[in-house]
Ligand SMILES: [Zn+2]
């Protein structure tokens, strides 16, 4: 459960009921899905179960197949040997960077981020549209229905809105030089003015001061005030790397060198990253704290007291050489924790099943995760971390966000369906994904999407990114 009082209902998400309309304007039909197993996550598995999603996009009934109504005009899907579970929640990603897949590998973190930045600024901004859209389609095929995205190009919010996904688009703010503060805040306000019309019952807008090495004290204070005033959701990359810890706590290391090279004064902050966020009032916004690898238990307790939440990204932490976050301490504190793939540029893909197994493997033997806890992390845990109600669980009244995983693969044969999904499923076992009762992926197809055109646009974006990557050299991280 989320500690302390619930997250503020913020972020521009309008929770509305009533009949909705499909993307072509026709009223939504009920969706009825039956499967060998229904795994509600918040309760016991249901053998030969079914879920009915009403025209309002919310779950109207769940239970044994024979007990779930069959409205005459419902779209019916019978999946056979499969497990139906809540749509997966990827609590941290950078959808717009998907075109950078595989381009920057095996570099120390400061060099890695400098290189990613250099590629990013070398690209035609139009490629981000194709990149973010493909990332959403890839996420659907991996069973992900909700994404917590951080980005700068506004394309993730558009892609989530247009393709029928659920998510929060946190707009990133940069400005390590205190002199940039007013300009950065003006840029944020302009971006929010463009993002807020995209907000809906599915897509919320948030704010993300990027990280301690890219945000001045003044800017953190100004963004905290703006976020509170506008009641937006908040997120930040926090306590991610040793390099960040050296900058914050000791005023040295590669990030400090980059800042000084730009004429920006650097002093130790006299506290940790989470202490810095607390001092600025940012923790009081109950933000999503991304990574928390170097956060010691006292820091995590600080986050818990404030009602902040955490997204654990063990795959990207390992890929970037950050080491292991203290996931065991997060569990002991009962912090609300979700899982994130992080960007494909850091990770490798949008397969959350792989990520949850890595989270489980990071725990001491004897204090590991039961299969249902793993499924919970993939779904309800992520929803709690993002502060989303009615998401991540199959219960009457919750949103009809569904993922189905085949159980007829050789490695999926197990007596316990939760065990089979938690330890054997991969993204390629997903056979159906629906958001608010609308099927967005079914056995290799994305209904209503011109997939050939999307694939061609993404390939062109990835090739453009590869071309730029061959021409860039690591350069000042704080180049803007
Ligand atoms: Zn990130």
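Once R0 is set to 35 Å, what does the formula 1/(1 + (r/R0)^6) return for the Cβ-Cβ distance between residue 279 and residue 182, expressed as a FRET efficiency to the nearest 0.05? Present the calculation step by step, with values, prior to reporting the outcome.
Details: r = 21 Å, r/R0 = 0.61.
After rounding, the FRET efficiency stands at 0.95.
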Taking the beta-carbon count within 10 Å as an exposure proxy, list 388, 107, 95 from fewest neighbours to most. 107, 388, 95
Suppose R0 equals 25 Å; then what is the FRET efficiency for residue 389 and residue 196 from their Cβ-Cβ distance, rounded to the nearest 0.05? 0.80
Under 17 Å from the residue 408 label point (7 Å along Cα→beta-carbon), backbone N, region 28-55: 34-38, 48-49
Roughly how far apart, in whole Å, are the Cα centres of region 125-187 and region 282-353? 19 Å
Under a point spin-label approximation (7 Å from Cα along Cα-to-Cβ), what is the residue 260-residue 189 distance to one decimal in nm? 3.6 nm
Mind checking the angle between helix 109-122 and the chain's longest principal axis? C-alpha axes, 0 to 90 degrees, to the nearest 10. 80 degrees
Angle between the chain longest axis and helix 217-229 axis [Cα atoms, degrees, rounded to 10]: 40 degrees
Calculate, in nm to one decimal, what residue 242 and residue 78 gain on full extension: separation in residues at 0.36 nm each, minus their alpha carbon distance. 54.0 nm
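Fewest first, what order do 426, 403 take by the number of other Cβ atoms within 10 Å?
Numbers: 426 17, 403 27.
The fewest-first ordering by Cβ neighbours comes to 426, 403.
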Over its alpha-carbon atoms, region 312-468 yields an Rg and a Dmax in Å of 17.3, 50
Simple spin-label model, 7 Å along Cα-to-Cβ: residue 443 to residue 415 in nm? 3.2 nm
Give me the distance between the Cα centres of region 64-89 and region 234-279, rounded to whole Å. 50 Å
Please compute the volume of the convex hull spanned by the alpha-carbon atoms of the chain and report it per residue in Å³. 133 Å³
Rough spin-label spacing in nm, given labels placed 7 Å along Cα→Cβ, for residue 305 and residue 271: 1.0 nm
Based on the mean of other Cβ atoms within 10 Å per residue, sort peptides 432-440, 37-45 so the most packed one is first. 432-440, 37-45
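Normalised by the residues of the chain, what does the relative contact order come to in percent, with Cα pairs under 8 Å and at least six apart? Show your work: numbers first, answer last.
Working: 1108 pairs, mean separation 111.4, N = 480.
Computed over the chain, the figure is 23 percent.
Ranked by Cβ crowding within 10 angstrom, fewest neighbours first, how are 172, 196 ordered? Walk me through the numbers on the way to the answer.
On the way: 172 22, 196 14.
Starting with the residue having the fewest Cβ neighbours, the order is 196, 172.
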Just subtract the alpha-carbon distance of residue 459 and residue 225 from 0.36 nm times their residue separation and send over the number in nm, one decimal. 80.2 nm
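Please give the length that would be gained between residue 428 and residue 48 if that part of the chain were fully extended, namely 0.36 nm times their separation in residues minus their C-alpha to C-alpha distance (nm, one decimal). Provide the component values of the computation, followed by the final result.
Values: separation 380, 0.36 × 380 = 136.80 nm, distance 2.28 nm.
Answer, rounded to one decimal: 134.5 nm.
Is the C-alpha gyration tensor of region 29-188 telling us rounded, prolate or oblate? Criteria: a/c under 1.5 is rounded; beyond that, a/b larger than b/c is prolate, otherwise oblate. Don't skip to the answer; put the middle values down first.
On the way: a/c = 2.92, a/b = 2.41, b/c = 1.21.
Prolate, since a/c reaches 1.5 and a/b exceeds b/c.
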Restricting the count to DSSP beta bridges whose residues both fall in the chain, what percent are antiparallel, rounded to a multiple of 5? 45 percent
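Throughout, read-outs are computed from the coordinates displayed, never taken from laboratory work. The structure presented is a predicted model; accordingly, all values stated were derived computationally and were not measured. Methodologically, a virtual Cβ is constructed for each residue, glycine included, from the backbone with ideal geometry; neighbour enumeration extends over all protein chains shown.
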